[in-house]
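The values are calculated or read from the model by the stated rules, or taken from the named source; none is laboratory data. In this text the structure is predicted, and so the values were computed from the model without any measurement. Cβ: placed from backbone, ideal geometry, glycine included. Neighbour counts: every protein chain shown.
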Amino acid sequence: MGEIRVKVKITNAVDEALARRGQLAQGAVRTYEADAMVDTGSVRMVIPPHVMEQLGVQERARRVAEYADGRKESVAVTEPIIVDILGRDTLEEALVLGDEVLIGQTVLEKLDLLADCANRRLVPNPAHPDQPVTKVK
């Protein structure tokens, strides 16, 4: 399987909410754009510390992250951020570690995106090409 990379825009969700309410200028909303790696083996989204700092989000909690080699480490979890991929967006909190943005399964599920490994790209779910659909049971 080849590596899948995708353009992602990450926005401080608190800034965005304040701007919608007219309490912050739209130009003051902090964002970060990255060429992120899609990690289908990861459950959660990951951002590096410098991205957390640029977005101006705070640590909301701590969680234990388990690495592929079995190591475990307590890491920061961000306040809410908005993740926009292929024109679809969702609220997410991210683990803070490493040196690049990783897109995990929770974002893919919420945005209804599928990994097309053969062509090394993300694609909208063919059953819902126009917008994400969330299953509720």
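Residue-level check: of (1) closer than 24 Å to Asp130 by Cα; (2) part of a helix (DSSP H, G or I); (3) touching an Asp or Glu at 6+ places or on another chain (Cβ under 7 Å), Arg5 misses just (2). Residues that are modelled with pLDDT under 95 and among the small types (Gly, Ala, Ser) are absent from region 46-64. All but one of (1) assigned to a helix (DSSP H, G or I); (2) under 17 Å from Ile103 (Cα atoms); (3) of a type in the set (A, V, I, L, M, F, W, C) hold for Leu18, so report the exception by its number. The single condition Leu18 does not satisfy is (2).
With the checklist (1) touching a strand residue (DSSP E or B) at 6+ places or on another chain (Cβ under 7 Å); (2) under 16 Å from Leu122 (Cα atoms) in hand, flag the one item Arg30 doesn't pass. Exception for Arg30: condition (2).
Look at region 27-46: where a residue is aromatic (Phe, Trp, Tyr) and a partner is surrounded by fewer than 18 Cβ atoms within 10 Å (Cβ to Cβ), sitting 6+ places away or on another chain with Cβ atoms under 9 Å, you get Tyr32/Lys9; Tyr32/Gln54.
In this structure, is Glu79 acidic (Asp, Glu) and within 21 Å of Pro124 (Cβ to Cβ)?
Answer is no for this residue.
Please specify each residue of region 25-47 satisfying the condition of being out of contact with any Leu (no Cβ under 7 Å at 6 or more places or on another chain), over 17 Å from Leu108 (Cβ atoms) and either not β-branched (Val, Ile, Thr) or not in a strand (DSSP E or B) (or both). Residues satisfying the conditions are Ala25, Gln26, Gly27, Ala28, Val29, Glu33. Quick one: is Val123 exposed (fewer than 13 other Cβ atoms within 10 Å of the Cβ), among the hydrophobic types (A, V, I, L, M, F, W, C) and within 16 Å of Val6 (Cα to Cα)? Against the criterion (exposed (fewer than 13 other Cβ atoms within 10 Å of the Cβ), among the hydrophobic types (A, V, I, L, M, F, W, C) and within 16 Å of Val6 (Cα to Cα)), Val123 qualifies. If a residue has to be at pLDDT 95 or above, acidic (Asp, Glu) and either more than 23 Å from Val136 (Cβ to Cβ) or in contact with a helix residue (DSSP H, G or I) (Cβ under 9 Å, 6 or more places away or on another chain) (or both) to count, how many in region 94-116 make the cut? Number satisfying all stated conditions: 2.
Which members of region 1-51 meet the condition of being among the basic types (Lys, Arg) and under 17 Å from the mean Cα position of the chain (by Cα)?
As a first pass, look at region 1-51 and keep what is among the basic types (Lys, Arg): 5, 7, 9, 20-21, 30, 44.
Hits for region 1-51 are Arg5, Lys7, Lys9, Arg30, Arg44.
Residues that are over 21 Å from Ala34 (Cβ atoms), at least 1 per element: which strands (runs of 3 or more DSSP E) completely within region 49-137 meet that?
Those strands (runs of 3 or more DSSP E) span 59-66, 72-78.
Quick grid of which residues meet (1) surrounded by 17 or more Cβ atoms within 10 Å (Cβ to Cβ); (2) not charged (D, E, K, R):
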| position | (1), (2) |
| --- | --- |
| Glu3 | no, no |
| Lys7 | no, no |
| Asp15 | yes, no |
| Glu33 | no, no |
| Asp39 | yes, no |
| Met45 | yes, yes |
| His50 | no, yes |
